[in-house]
Amino acid sequence: MSSKLNQTAGRRRFLRGGAILGASLAAGARAEPLVVAPWSKTPGEPVLWHPYGEPSPFEKNVVRRSRGPAPLPGANSSMTPLQDLHGIITPTGLVFERHHAGIPQIDPEQHRLAVHGLVERPVIFTMNDLVRLPSVSRIHFLECSGNTGREWKGPGTASLQFSHGLLSCCEWTGVPLATVLEEVGVKPEGAWILAEGADSAGMTRSIPIGKAFDDALLVYAQNGEHLRPEHGYPLRLLLPGFEGNMSVKWLRRLKVGREPFMSREETSKYTDSLPDGTARQFTFLMETKSVITFPAPDHRLKESGFYEISGLAWTGRGRIKRVDVSTDGGRNWREARLQEPVLDRALTRFRLPWRWDGAPAVLQSRALDTSGFVQPSGAQLVAARGFESNYHFNAIQSWKVASDGVITNVQV
């Protein structure tokens, strides 16, 4: 308790010091009369002009972006603009996308989910069958295991959106998978489930039966509305804390078996190569990670003075317990404030007051979760796994602030 009180007192002293400058600026601003802007002189657009709400036109640059043209017409990804977001919930229209064979347009009245294999009662469910079952709503992050993969061998991109943007956090609504499995009756020898999507790629992943009974969801709604086609409409799987590829979209089949099904997505893809020629397989869990979202390379500091450093932390192991922030490349660390709510396997927003004196600085964040896992440095991660992998990069990220306010991606 005393530690929290000291942190609170320290923040108050810091902000009181900054209030002097703020008050003088405000006084200067009041020297001129407040101008009545043109939009205050004429009526605005008619109410309900748009059948579906849209952002302000002044926010037209806050969009998902892709690194480049798709290698194949239906295989591409787009990234969430984390540098422009606030709080922890990602607006549905900005949730990242990853596709392997385009976006199927599925009639929910015709869509079916088959559950079969080592079960007592094989069943084909309609969407109407599923939405009648008891449902839950939970907030969880979803991250592609390839997120930040370009950072393995050095600063990969000049943009936070492109380095960390395969990450989003939403409220998900659906039926616990355990409810459906109890309905069909899994046989004692059933240990794995094959999840298959209805897209033409036939996306399939093997799911441990323990995860399926623990917290897996059959999701039909996202952020309060039905799933959108690019996010798996009308039905997807969600495995909280596991790599995003396993949360199969457009879910149409669940087959219970004794062993993993060794699909393409868990043999030639989504395995972690090691320096000795072997590979880690079934590395489902997304490890503890954090990143400063402001200031970041997508911004520029226009003048010295007070700024609030803000960022996101997350872990597939549970909840974030603490985030430390450094402004000098890791020589000194200060504990950041965690913004409520701090949820299980959800993004957690952290904040730290900072007064930039105009000198070069290197900003870093380091997360600790409730399991005791500490986010590693790049050197620690490379020492353990080498440079052969494209997946599960969760090292501390560094942003360098130059004296002119330009921010770049660096490794220290």
Signed unit charges on C-beta, dipole axis of the chain, positive-most listed residue 126, 95, 370
370
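Work out the length of the dipole vector of segment 253-412 about its Cα centre, built from +1 on the beta-carbon of each Lys and Arg and -1 on the beta-carbon of each Asp and Glu, and round it to the nearest 20 debye. Before the final figure, lay out each step's value.
Working: 23 positive and 18 negative charges, 86 e Å.
Result for segment 253-412 is approximately 420 debye, rounded to the nearest 20.
Which loop-located GluC sites (Glu not before Pro) does segment 263-307 contain, where loop means any DSSP state but H, G, I, E or B and the Cβ has at most 10 other Cβ atoms within 10 Å? Mind dumping the intermediate values first?
Details: sites: 265, 266, 287, 303; in loops: 287, 303.
Qualifying residues, ordered by number: 303.
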Expressed in angstrom and rounded, the centroid-to-centroid distance over alpha carbons for segment 294-315 and segment 201-268 is 35 Å
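With an 8 Å Cα cut-off and a minimum separation of 6 or more residues, compute the relative contact order for the chain in percent. List each step's numbers first, then the result.
Details: 893 pairs, mean separation 62.1, N = 412.
Once normalised by length, the contact order is 15 percent.
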Output the Kirkwood hydrodynamic radius of segment 199-277, Cα pairs only, in Å rounded to one decimal.
13.9 Å
Accessible surface of the chain [probe 1.4 Å, protein heavy atoms]: carbon and sulfur percent
54 percent
I'd like to know how segment 172-234 sits against the 2.2 N^0.38 Å rule of thumb: what's its Cα Rg over that expected value?
1.22
By the mean-Cβ-within-10 Å protection proxy, highest first, 380-388, 33-41, 112-120 rank as 112-120, 380-388, 33-41
Give, rounded to the nearest 20 debye, the magnitude of the charge dipole that segment 89-223 has about its Cα centre when Lys and Arg contribute +1 at Cβ and Asp and Glu contribute -1 at Cβ.
320 debye
Largest-first ellipsoid semi-axes for segment 137-182, taking √(5λ) over the Cα gyration tensor eigenvalues, angstrom:
33, 12, 5
Net charge of Cβ neighbours under 13 Å - reference residue 189; Lys, Arg +1; Asp, Glu -1
0
Please list, by residue number, every one of the GluC sites (Glu not before Pro) in segment 154-215 that is coil in DSSP and has at most 15 other beta-carbon atoms within 10 Å.
189
Give the cross-link partners of residue 289 among the lysines, using a straight C-alpha distance below 28 Å as the criterion and excluding same-chain residues fewer than 8 apart.
4, 153, 211, 249, 269, 321, 400
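Can you work out the accessible area per residue across the chain, with the rest of the protein chains kept in place, probe 1.4 Å, in square angstrom?
Working: 20250 Å² over 412 residues.
Value returned for the chain: 49 Å² of accessible area per residue.
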Binning at 10 Å from 0, report for segment 298-357 what percent of all alpha-carbon pair distances ends up in each bin.
21, 45, 28, 6
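Taking 8 Å as the Cα distance limit and 6 or more residues as the minimum spacing, I'd like the relative contact order of segment 50-120 as a percentage. Numbers along the way, then the final one.
Numbers: 53 pairs, mean separation 19.6, N = 71.
This gives 28 percent for segment 50-120.
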Once you keep just the Cα pairs under 8 angstrom separated by 6 or more residues, what percentage relative contact order results for segment 126-238?
24 percent
Determine, for each peptide in 94-104, 244-254, 148-158, the mean count of other beta carbons within 10 angstrom over its residues, then list the peptides with the highest first.
244-254, 94-104, 148-158
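State which helices in the chain qualify, where a helix is a whole DSSP H run, it must extend 18 Å or more along its own axis by its Cα atoms, and its mean Kyte-Doolittle hydropathy must be at least -1.0. Show your work: numbers first, answer last.
Details: long enough: 2-29 (39 Å, -0.03).
Qualifying helices: 2-29.
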Any chance you could get the radius of gyration and Dmax over the Cα atoms of segment 30-156, in Å?
22.8, 79
For segment 133-260, how big is the tail of P(r) above 20 Å, as a whole percent of Cα pairs?
47 percent
Tensor-based shape of the chain (alpha-carbon gyration tensor, a/c under 1.5 rounded, otherwise prolate or oblate):
prolate
Rounded to the nearest 500, what is the chain's calculated 222 nm mean residue ellipticity when only DSSP H runs of at least 4 contribute -39500 (n - 2.57) each, over all residues?
-4500 deg cm²/dmol
Placing one equal point scatterer on each C-alpha of segment 342-412 and summing with Debye, one gets log10 I(q)/I(0) at q = 0.15, 0.20, 0.24 Å⁻¹ equal to -0.69, -1.03, -1.16
Apply the Karplus curve 6.51 cos²θ - 1.76 cosθ + 1.60, θ = phi - 60°, to the phi angles in segment 314-319 and return the couplings in whole Hz, x for Gly and Pro.
7, 7, x, 8, x, 10
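The values are calculated or read from the model by the stated rules, or taken from the named source; none is laboratory data. On a predicted model such as this, the values are computed, not experimentally measured, just so you know. Cβ sites come from the backbone with ideal geometry, for glycine too, and all protein chains shown count toward neighbours. SASA here: full protein model, heavy atoms, side chains in, ligands and nucleic acids out. Shrake-Rupley method; radii C 1.70, N 1.55, O 1.52, S 1.80 Å.
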